[in-house]
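So the structure is just underneath, and the comments pick up after that.
The values are calculated or read from the model by the stated rules, or taken from the named source; none is laboratory data. Please read all numbers here as calculations on a predicted model, not as lab measurements. Cβ sites come from the backbone with ideal geometry, for glycine too, and all protein chains shown count toward neighbours. Side chains are part of the model used for accessible areas, which takes the heavy atoms of the whole protein and leaves out ligands, DNA and RNA. Shrake-Rupley method; radii C 1.70, N 1.55, O 1.52, S 1.80 Å.
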Amino acid sequence: MIENLNKDFESRVRLGIMSVLMVNDWIDFSALKELLQITDGNLASHSTALEKKNYIEIKKEFVGKKPKTSYRITHKGREEFKNHISALEKLL
């Protein structure tokens, strides 16, 4: 049972990122940071780790002259996170 838990989602920050992305198409850096009440560096490092595993997509663009970073969950990320939540529910 415990072997079905995904270590990539053990951190509360990553659990929070994935949870927010499950219910939002795209969300920008500031909004995600505000929702999770975390620092810039914390969000950047955890989101990069999730991107490397292909669980999330990060889009960097300029709006006017300001940089904008946005996030969305990938199909793989959605499936893996659903499996993780299902394993947690079974554990309970």
Can you give the local net charge around His46? Use residues other than it whose beta-carbon is closer than 13 angstrom to its beta-carbon, Lys and Arg +1, Asp and Glu -1. +1
Net length gained if the chain between Leu35 and Ala87 were fully extended (0.36 nm per residue, minus Cα distance): 16.2 nm
Could you pull out every one of the lysines with an alpha carbon less than 24 Å from that of Lys90, ignoring same-chain neighbours closer than 8 positions? Lys7, Lys76, Lys82
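What does the accessible area per residue of the chain come to in Å², with a 1.4 Å probe and no ligands, DNA or RNA counted? Could the numbers behind the result be given before it?
Values: 6080 Å² over 92 residues.
Per residue, the chain has an accessible area of 66 Å².
Please report, in whole Å³, the volume per residue of the convex hull around the C-alpha atoms of the chain. Write down the numbers at each step before the final one.
On the way: hull volume 8.7 nm³, N = 92.
Taking the convex hull of the Cα positions in the chain, it is 94 Å³ per residue.
How large, in percent, is the carbon and sulfur part of the accessible surface of the chain at a probe radius of 1.4 Å?
On the chain, the fraction of accessible area on carbon and sulfur atoms equals 52 percent.
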Of Val63, Val20, which has the most accessible area and how do the rest follow, probe 1.4 Å? Val63, Val20
